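Below: the structure, in structure tokens.
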Amino acid sequence: MANLAIDCAGIRSPNPFWLASAPPANSGYQVMRAFKAGWGGAVWKTLGDPIVNVSSRFAGLNYKNLKMIGMNNIELITDRPLDVNLREIEECKAAYPDRAIVASLMMEMNRDRWHELVETVQASGVDGFELNFGCPHGMSERGMGAAVGQDPELVEMCTKWVVEVSKVPVIVKLTPNITDIRQTARAAKRAGAHAISMINTINSLIGVDIDSWDPIPNVDHLGAHGGYCGPAVKPIALNMVADCARDPQVQLPISGIGGIETWRDAVEFMLMGSSSVQVCTAVMHHGFKIVEDMIDGLNTYLDDRGLDSAMDLVGKSVGKFVNWNDLNLNYAVVARIDQDKCIHCNKCYIACEDAAHQCIDRIVSTRGEGETDLVVDEGHCVGCNLCSMVCPVEDCITMVRVDDGSATTTWRQRELTAK
Amino acid sequence: MGQPALPREHLEHTQLGPPLAKDLTRLDVVIEANRCLDCYDAPCIRACPTSIDIPSFIKKIATGNMLGSARTIMDANPLGASCARVCPTEELCEGACVYHHDAEPIRIGDLQRYATDWLRESGRTLFAPGPPSGKSVAIVGGGPAGLSAARELARAGHAVTIFERHAEAGGLNTYGIVPFRLPTDVALWEAEQVKALGVTVKTGVEIGADVPATTLLADYDAVILAMGMGSVPKLGIPGEDLPGVYDALDLIERAKFGERVPIGARVAIIGAGNTAIDAATVSGRLGAEEVTMWYRRGAESMTAYPFEVEFAKSEGVAFRFYRLPVRIEGDGRVSALVVARTEIIDGVPRAIPGTEETIPVDSVVRAIGQSKLAALYDAFGVAHQRGIATVDAGLRTSNPQVYAAGDCLFGGGAIDAMVVSAAQAGKDVAASVDRTFRGLDS
């Protein structure tokens with residue numbers, strides 16, 4: 001059994017799996033249930049001034065037989081009184097002292113009011129703060145959430161206010177609704193933040209009802225942009241985590257968020273620099289029980305690789321994520337089709353023919369009259385991977401290295417040579 | 001002429017029981033539709049005699065374009081609703097599905113049934129007659145091949161008249177397939193779709209008996225022979241004229257339309273094809289307690305589809321192989337069937353002397369194939385070989401005004417006599433006639 005315990009900027013939890021600040025972490029009842037199920041930590045639903053929510057708040061993006069590969073929401077921060085939330089935080093902490101409870105905070109851009117909020121909340125015994133500079137809807141129109149997170153100066157200013165009075169680690173949660181997330185990450189670093197978390201949700205309109213022509217979701221026939229999350233955003237989140245992890249001016253512990261549903265997703269985020277991972281949509285879809293396989297699968301993965309600690313994964317792939325102009329131009333792969341595994345759906349053929357480089361041939365087969373087999377024209381295959389992506393059979397199309405192994409040449413080197 | 005139309009209450013839920021195919025839910029169907037890989041140059045299309053663009057109609061179900069889905073099916077196959085129920089899909093589309101070996105093949109038949117059921121229930125019309133060409137075609141027989149040919153010719157603008165000896169169109173689909181496999185209203189709906197294109201269907205008319213062939217040759221620019229086949233031939237053994245000996249197709253037709261056929265408790269079915277299976281299961285549903293199929297060859301030689309055989313077994317039908325009926329006994333009515341063991345000599349089953357046994361039975365059903373309607377070929381001046389019309393690549397007979405389709409072409413093992421094959425033959429002959437009318441063929 002590997003040690004799954006992690007340390008993210010001094011915030012410790014028995015495993016890397018935290019509930020993200022979201023509906024599943026809205027109340028003590030829910031957080032107690034989550035801890036009972038095995039979750040290592042919870043970032044409490046954002047505390048701040050009371051708000052009023054609308055009815056009809058979420059919508060899902062479905063793909064074929066899959067429900068909710070993406071989800072958006074127009075719900076705001078907690079709609080429960082601060083004293084109730086704080087009492088429940090104390091109860092959870094008392095019942096599960098080994099778990100991490102992080103309080104998510106949002107407040108108007110006023111130093112005194114931020115100080116007041118931080119001091120009030122930290123009295124409850126939270127293990128850390130997460131500053132919600134990411135919520136893209138509702139609060140941002142009032143100068144909070146993403147309105148702060150999209151401006152590095154505001155991020156820096158507000159983070160400083162919190163760090164001034166906080167006695168526990170401060171995580172700055174970043175919005176992806178920005179051109180270069182490293183700019184706000186650096187601002188958090190300059191302000192003295194202890195960690196960053198990302199991504200908050202992405203601006204989105206999930207759909208339009210083609211019968212009523214109303215936006216989805218609609219509130220009395222009107223819609224507003226929401227925050228997009230779920231499995232479909234994982235690649236965006238992972239890229240932003242990796243970009244911050246490899247930025248010399250950031251160099252902060254990261255809590256990764258965005259489409260994480262399985263232990264495999266968690267391993268990927270950890271390899272790219274996350275020391276904890278936060279989950280919301282998967283719990284909203286399946287309930288707290290999903291953490292059982294996340295823990296079990298991560299344990300087996302670490303054991304199988306002979307790793308003693310989950311922390312041994314953190315950042316191990318960051319050095320492999322580089323700029324395009326550092327990629328080896330001499331590297332070459334081609335597709336190989338395993339004729340024994342091929343089921344002859346011809347998906348690879350038409351993908352290559354219509355959308356790639358026309359280098360899969362249909363040749364007369366010995367399997368029977370009128371049958372064809374698929375063979376890659378390796379001389380023309382550019383190694384784009386598309387055929388292996390559309391193939392429905394596992395390990396039927398593999399990409400095989402064919403270059404001669406000669407010295408690496410990169411675009412950067414070519415430019416230097418040209419000069 | 002002018003037999004009464006069928007009583008509508010016998011169309012679906014007959015005394016023979018409700019349809020076997022279970023109702024399909026939208027949830028079930030969409031999950032299945034989304035499972036389809038949407039292959040390129042899909043093998044299921046190649047396996048379909050009518051070349052339905054199966055991945056296309058399945059994807060249209062998934063996107064909620066039900067009209068487009070039904071159109072894709074019915075455009076390629078005018079009998080698409082019937083075929084969804086009677087095609088041996090394991091041997092055709094589903095057998096060719098790329099999932100066949102590593103996973104469960106897509107339930108194409110079920111999806112086709114769902115789409116065509118949607119169309120029937122919607123009451124929508126898919127096709128329109130073409131601009132009038134001034135040409136006329138007579139079709140002898142309103143079964144699958146005749147209806148298919150009529151539909152295509154009407155869409156091309158030709159004036160089509162079908163002559164059907166029964167009270168309703170549909171042929172085998174209406175009269176010869178058990179209703180729990182193919183509800184009669186499905187067969188009749190398909191005929192209605194053809195009539196809606198302006199095709200005239202003259203029912204209760206037997207060409208040769210009621211109207212001479214010469215009249216058709218004189219009144220129409222082209223004639224298509226699609227009359228199918230005749231009754232089940234006699235066994236050629238003593239006692240087969242006794243009451244209690246039935247022609248399988250006659251038995252199925254009478255039972256299908258409500259007659260309480262007095263089949264008795266013990267029934268012997270002679271034969272092992274799909275009609276024999278239907279006669280066996282119908283006998284059971286008419287109240288027979290012991291239904292046994294007697295076949296002169298072994299199980300591996302049965303022409304019935306494996307799924308039909310399995311169904312018959314599930315209905316309690318027993319199978320006895322290598323047995324040949326030698327006589328039927330009875331005093332005023334069947335009381336016993338005498339069978340002998342067979343041995344296969346040079347491919348031919350022969351009774352082994354001294355092996356006879358007497359089986360007490362109440363009824364004997366002949367299901368040993370159907371006779372060809374050779375006399376009609378002669379009336380139209382059409383050359384044929386043992387009841388199979390001699391045709392060219394355009395399905396044109398030796399009389400250049402006359403074409404042939406469906407069972408008139410099938411036999412001798414060259415083409416399987418499936419409903420779906422008849423549908424394609426109808427399309428082929430219509431295309432050929434149309435080409436001739438347009439002067440594209442000689």
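Derivation of every value follows stated rules applied to the coordinates shown; laboratory data play no part. Computed from a predicted structure; not experimentally measured. Please note: Cβ atoms are built from the backbone with ideal geometry, for glycine as well, and neighbour counts cover all protein chains shown.
For the options B:Leu67, B:Leu24, B:Leu92, a Gaussian network treatment of chain B with springs between C-alpha atoms closer than 10 Å singles out B:Leu24 as fluctuating the most. Rg/Rh for segment B:245-366 stands at 0.97; both radii use Cα atoms, and Rh follows the Kirkwood definition. Note on segment B:57-113: along the principal axes its Cα atoms extend 32, 25, 14 Å, ordered by decreasing extent. P(r) for segment A:60-169: what percent of alpha-carbon pairs falls in each 5 Å bin, starting at zero? Bins of 5 Å from zero give 2, 11, 18, 19, 17, 14, 10, 6, 3, 1, 0 percent of pairs.
Counting only alpha carbon atoms, the long axis of helix A:181-190 and the longest principal axis of chain A meet at about 40°.
With R₀ set to 22 Å, the beta-carbon distance separating A:Lys289 from A:Ala95 gives a calculated FRET efficiency near 0.70. May I ask for the angle, rounded to the nearest 10°, between helix A:111-122 and the longest principal axis of chain A, with both axes built from Cα atoms and the value confined to 0 to 90°? Taking Cα atoms only, the helix is inclined about 90 degrees.
Going 7 Å from the Cα of A:Ala123 in the Cα-to-Cβ direction, what parts of segment A:80-102 have a backbone nitrogen less than 18 Å from that spot? Under cut-off, by backbone N: A:81-94. Legend: P(r) of segment A:6-318 from all alpha carbon pair distances, 20 Å bins from 0, whole percents, reading 36, 59, 5.
Counting Cβ atoms of other protein chains within 10 Å of each residue's Cβ and taking the mean over peptide B:41-48 gives 2. The value given for chain B is a Kirkwood hydrodynamic radius of 22.8 Å, derived from the mean inverse Cα-Cα separation. Compared with the dominant Cα axis of chain A, that is its longest principal axis, helix A:82-95 is turned about 70°. Each Cα pair under 8 Å and six or more residues apart adds its sequence gap; the mean of these over the residue count of segment B:245-366 is a relative contact order of 29 percent. Each label point was placed 7 Å from the Cα along the Cα-to-Cβ direction; for B:Ile237 and A:Asp377 their separation is 6.6 nm. Can you give me the distance in nm between label points at B:Ser314 and B:Ala209, each placed 7 Å from the Cα along the Cα-to-Cβ direction? The two pseudo-label positions are separated by 3.8 nm. A straight Cα-to-Cα reach below 15 Å connects A:Lys45 with the aspartates and glutamates A:Glu75, A:Asp79, A:Asp83, A:Glu88, A:Glu90, A:Asp127, A:Glu130, residues fewer than 8 places away in its own chain not being considered.
Rg/Rh, computed from the Cα trace of segment B:144-186 with Rh as the Kirkwood radius, has the value 1.05. Are any of the pairs B:Lys202/B:Lys372; B:Lys234/B:Lys427; B:Lys234/B:Lys313; A:Lys93/A:Lys173 more than 30 Å apart by Cα-Cα distance, and if so, which? Long pairs (Cα-Cα over 30 Å): B:Lys234/B:Lys427.
Treating each Cα of segment B:159-241 as an identical point scatterer and summing with the Debye formula, the log10 of I(q)/I(0) at q = 0.24, 0.27 Å⁻¹ comes to -1.22, -1.36. Averaged over residues, the count of other Cβ atoms within 10 Å places the peptides B:117-123, B:77-83, A:176-182 in the sequence B:77-83, A:176-182, B:117-123, highest first.
Given +1 at the Cβ of Lys and Arg, -1 at the Cβ of Asp and Glu and no other charges, the dipole of the protein assembly as shown around its Cα centre is 420 debye to the nearest 20.
Expressed in whole Å with the largest first, what are the equivalent ellipsoid semi-axes of segment A:324-418 derived from the C-alpha gyration tensor as the square root of 5 times each eigenvalue?
With the √(5λ) rule applied to segment A:324-418, the semi-axes are 32, 12, 12 Å.
Cα centroids of segment A:166-229 and segment A:236-307: how far apart, whole angstrom? After rounding, the separation between the Cα centres reads 19 Å. Each principal axis of the Cα cloud of segment B:23-122 was taken in turn, and the coordinate range along them, longest first, works out to 36, 27, 24 Å. Net charge in the neighbourhood of B:Pro306 (other residues with Cβ under 9 Å of its Cβ; Lys, Arg +1, Asp, Glu -1) is -4. Loop-located trypsin sites (Lys or Arg not before Pro) across segment B:227-287 with a Cβ neighbour count of 12 or fewer within 10 Å are B:Arg260, with loop assigned by DSSP. What does the charge add up to near A:Lys234, with Lys and Arg as +1, Asp and Glu as -1, over the other residues with Cβ less than 10 Å from its Cβ? Here the count lands on -3.
Per residue, what volume in Å³ does the convex hull of the Cα atoms of the protein assembly as shown enclose?
249
Shielding by partners for peptide A:240-251, expressed as the average number of C-beta atoms from other protein chains within 10 Å of each residue's C-beta, is 0.
Annotation for segment A:340-354 versus segment A:76-116: alpha-carbon center distance of 54 Å.
Where Lys and Arg each count +1 and Asp and Glu each count -1, what net charge lies around B:Ser371 among other residues with Cβ under 12 Å from its Cβ? Surrounding charge for B:Ser371 is +2.
Projecting the Cα atoms of A:Asn239, A:Phe288, A:Gly227 onto the dipole axis of segment A:212-331, where Lys and Arg carry +1 and Asp and Glu carry -1 at the beta carbon, places A:Asn239 farthest toward the positive end. Taken as entire DSSP H runs, the helices of chain B that both span 18 Å or more between Cα atoms along their own long axis and average -1.0 or more on the Kyte-Doolittle scale are B:108-122, B:419-437. Over the residues of chain B, the helix contribution to mean residue ellipticity at 222 nm works out to -10000 deg cm²/dmol, using -39500 (n - 2.57) for each DSSP H run of at least 4.
With the biggest extent put first, the Cα atoms of segment B:335-442 measure 65, 31, 26 Å across the principal axes.
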